[in-house]
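Participant: First, the structure itself, so that you have it in front of you.
Values in this text are rule-based calculations from the coordinates and carry no lab data. Quantities reported herein were computed from a predicted structural model and do not represent experimental measurements. FYI the Cβ positions are ideal-geometry reconstructions off the backbone, even for glycines, and counts take in every protein chain you see.
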Amino acid sequence: MKGLLVRWILSALSLVLTAALLPGIEVSGVLPALVASAFLGIFNAVVRPILVIITLPINLLTLGLFTLVINGLMLYCVARVVKGVEVLGFGWAIIGALVLGLISWLLNLLIGDEGGIDVIDLKRGKDGVWRG
């Protein structure tokens, strides 16, 4: 449960950082960021798989790049539902989805399954091989 809470907070932080980096995305506070990240998680768990299956032929033709459009659509829909989060057009939603995904990925690399920060302690053995 702790891991879920930490990832939810990191998702909200990712949304706030994305809004700080892109002028076409605005988040008016911490509470809208938390609500939007919860909605984004729900949309990505329920609606996104259906859209990926429906658009599978287009996704195959574009070698998976159409998934970025689907992610942008999810961000745009969340911005329409949550007050305090604005996306100034679908183009900004696509760019925002890309930036949001990268920031979330980088932050989630640091977090383990239990919600703690993962540290890998590497030591070089006498044979010169690194072991964790």
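Participant: For q values of 0.14, 0.20, 0.26 Å⁻¹, compute log₁₀ I(q)/I(0) with the Debye formula on a Cα-only model of region 25-73, without solvent.
Facilitator: Rounded to two decimals, the profile gives -0.44, -0.71, -0.91.
Participant: Using only Cα atoms, find the angle between the long axis of helix 30-54 and the longest principal axis of the chain, and express it within 0 to 90 degrees, rounded to the nearest 10.
Facilitator: Approximately 80 degrees, to the nearest ten.
Participant: On a 0 to 90° scale, report how tilted helix 2-21 is relative to the longest principal axis of the chain, with both axes built from alpha carbons and the result rounded to the nearest 10.
Facilitator: Between the helix axis and the principal axis of the chain, the angle is about 60 degrees.
Participant: What longest region of the chain stays clear of trypsin sites (Lys or Arg not before Pro) that DSSP places outside H, G, I, E and B and that have at most 15 other Cβ atoms within 10 Å?
Facilitator: Numbers: sites that count: Lys83, Lys126.
Between the exposed loop sites, the longest stretch runs 1-82.
Participant: May I ask you to work out the translational diffusion coefficient for region 1-107 at 10 °C, viscosity 1.306 mPa s, via Stokes-Einstein with Rh from the Kirkwood sum over Cα pairs, reported in whole µm²/s?
Facilitator: 115 µm²/s
Participant: Turning to a different aspect of this structure: Using Cβ counts within 10 Å as a stand-in for footprinting exposure, how do Ile25, Ile50 rank, fewest first?
Facilitator: Values: Ile25 25, Ile50 9.
With the sparsest Cβ surroundings first, the list reads Ile50, Ile25.
Participant: Put +1 on the Cβ of every Lys and Arg and -1 on every Asp and Glu Cβ in the chain; which of Cys77, Gly125, Leu88 then has its Cα farthest towards the positive end of the dipole?
Facilitator: The listed residue farthest towards the positive side: Gly125.
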